Amino acid sequence: MKVTVKITKNFNAAVKPLLKKYHSLPKDLLNLEKELIMVPNLGIPLGKDIYKIWLKITSKGKGKSGGARIISLVEITLVGFAEIIEDKEVTVNLITIYDKGDVGNISDKELKDLIKNFKTN
């Protein structure tokens, strides 16, 4: 199984202010990438291959519960013929990130809009 972690435009825009605010975030995100390569469906399942990942921001010093939230969408591509599936390629798309201290929860409507926006781009 080949796993690729991709950053979306929305994630890139959302992470920029957090990178300025928390100096440990780049390292925390690299550690998350390693975890996602081992376990692509990491996090709380929200349905339709969408997951909410709790990320500890080390420099914040509050653990996972007070850290950041990342919304991911997992896409699986089967490699091989219909009768013989040799392998699968998994892409973990990081849709958005937000600081739990700034945003309590993301609404269902916001989540649907984020996924819709990702799929149309």
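Any read-out appearing in this document is the output of simple, stated calculations on the displayed coordinates, not a laboratory observation. In this text the structure is predicted, and so the values were computed from the model without any measurement. Don't worry about glycine lacking a Cβ; one is built from the backbone with ideal geometry, like all the others, and counts go over all protein chains shown.
Please find the FRET efficiency linking Ile37 to Lys119, where r is the Cβ-Cβ separation and R0 is fixed at 30 Å, and quote it to the nearest 0.05. If you can, show how the numbers build up before the last one.
Values: r = 23 Å, r/R0 = 0.78.
Calculated transfer efficiency: 0.80.
Charged side chains reduced to their Cβ positions (Lys and Arg at +1, Asp and Glu at -1) give the chain a dipole of some 700 debye around its Cα centre.
Within the shell defined by Cβ-Cβ distances under 14 Å, the residues around Glu75 carry a net charge of +3, with Lys and Arg each +1 and Asp and Glu each -1. Extension gain for the segment Glu110 to Lys2, taken as residue separation times 0.36 nm less the Cα-Cα distance, is 35.9 nm to one decimal. Over 26 Å apart at the Cα level, from the set Lys20/Lys119; Lys62/Lys116; Lys9/Lys56, are Lys20/Lys119; Lys62/Lys116.
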